[in-house]
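Working notes, beginning with the structure itself.
Read-outs: derived from the displayed coordinates by stated rules, not from any lab. Since the structure is predicted, the reported quantities are computational estimates derived from the model, not experimental observations. Every residue, glycine as well, gets a Cβ built from its backbone with ideal geometry; the counts of neighbours run over all protein chains shown.
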Amino acid sequence: MINKTAAIIAGAGAGNRLGANLPKALVKLVDKTLVEHAVSSLAPVAQLLIVTAPAGFEEEFRKVLGDQVTVITGGILRSDSVNLALAAISKDVKIVLVHDAARAMASTGLAIRIRDAVANGESAVIPALAAIDTIKEVDREGYVRNTPDRSALVAVQTPQGFARDVLVRAHAASEDATDDAALVEALGIKVKTILGETNALKITTPEDLAIAATFLLGNESNLQSGVGVDAHAFSVDPKRPMWLAGLLWENEVGVDGHSDGDVAAHAICDALFAAANIGDLGSNFGTSDPKYAGASGETLLIETLERVTKAGFGIANVSVQIIGNRPKIGPRRSAAIAKLSQALNGATVSVSATSTDGLGFTGEGKGISAIAIALVYKLSTAGN
């Protein structure tokens, strides 16, 4: 009989490098958040699931995870979070798995192999993949010190499995480390490696999200992409409000248009229609339809989502680049991402901006444009 097992999922990390203004664990990967995917993988293996959430987001975690998962407030350091979770585990638990929500695609099978190895007598077991690239050790100035033998190097993943008493001792004896196995190593206890998974990549950037989406959806034929473009000239009316990326830009003169002229939102709508093969912005929200006169970009995004979903598609991710001399996007990038993502029911959105060095109508300051790329998936294939 397998000893009682608990799983700790660290979910208190920020999503800054993903371009999100919410915890990384709450970023959506296709149809569910990263932490939901991680919980789904470990639920068949552990009798107790504890997720650490950043302060202030506990209720949001509980809302998506339900009553079967214990959500606690994480600490400042990763080790603080794991220590808090360990304190919530009863002493009859003999095996503890520690997992990162950012490795959302690690399989249940991997967790089972880790757990079974600990149950069979190993004190600490971690998944690892052989180093493929040549690794260089460099100094602070960027000069190479040496080239380690690649054959003896591995890249470590999670979930990592431990005998409970060993993990408790390791955390009591050390302050912090990049992974829990390093704390066990510091006690002089051997850590066993087993073969990891390509799927268990750490999701840190929008590119990682796209790769993880292909793992989740499987066949590339289930994915469809589309490109959208929109452009508007600046208004001669100094009182015309500037709406861009779902936000009102105070003290900026807006653009002329049938709706609010939000080129970022419109380009995203156009890209999503193209990806789902259901026309374009004009055929769906034509200027001849009075319903959309003055409509906000947010309203059009919400309706676009409804039409794309009705066509049988979900949104994997969207990227939009705004082109123009003004307004400056950087200071409000996070707010723009949050607003656009909210309108698309939490879909992953990235926002960038550029200028054209004085070339074209945007470079000459006559207007603003946007280009968007959308990746959608067939709803019937999600989770297969």
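What number, in percent, do you get for the relative contact order of the chain if the mean sequence gap of Cα pairs under 8 Å and at least 6 apart is divided by its residue count?
So the answer I get is 17 percent.
Using Cβ contacts closer than 10 Å as the measure, can you line up W243, W249 from fewest to most? Kindly include the intermediate steps, with their values, before the conclusion.
Details: W243 23, W249 17.
Going from least to most buried by this count: W249, W243.
Could you work out the relative contact order of the stretch 164-236, using alpha carbon pairs under 8 angstrom and six or more residues apart, expressed as a whole percent?
15 percent
If contacts are Cα pairs under 8 angstrom and at least 6 residues apart, what is the relative contact order of the stretch 5-201 in percent?
Computed value for the stretch 5-201: 23 percent relative contact order.
At most 13 other Cβ atoms within 10 Å and a DSSP loop assignment: could you name the GluC sites (Glu not before Pro) in the stretch 154-212 that fit?
Here the sparse-neighbourhood loop sites are E175.
Going by C-beta contacts inside 10 Å, put L77, L86 in order with the fewest on the left.
L77, L86
So which GluC sites (Glu not before Pro) in the stretch 250-328 end up in coil per DSSP with only 15 or fewer other C-beta atoms within 10 Å?
In loop regions of the stretch 250-328 (DSSP not H, G, I, E or B), there are no sparsely surrounded GluC sites (Glu not before Pro).
Sort Y143, Y377, Y292 so the one with the fewest other Cβ atoms within 10 Å of its own Cβ comes first.
Sorted ascending by nearby Cβ count, the order is Y143, Y292, Y377.
Only Lys, Arg, Asp and Glu count, each charged at its Cβ (+1, +1, -1, -1), so figure out the dipole size of the chain about its Cα centre, rounded to 20 debye.
680 debye
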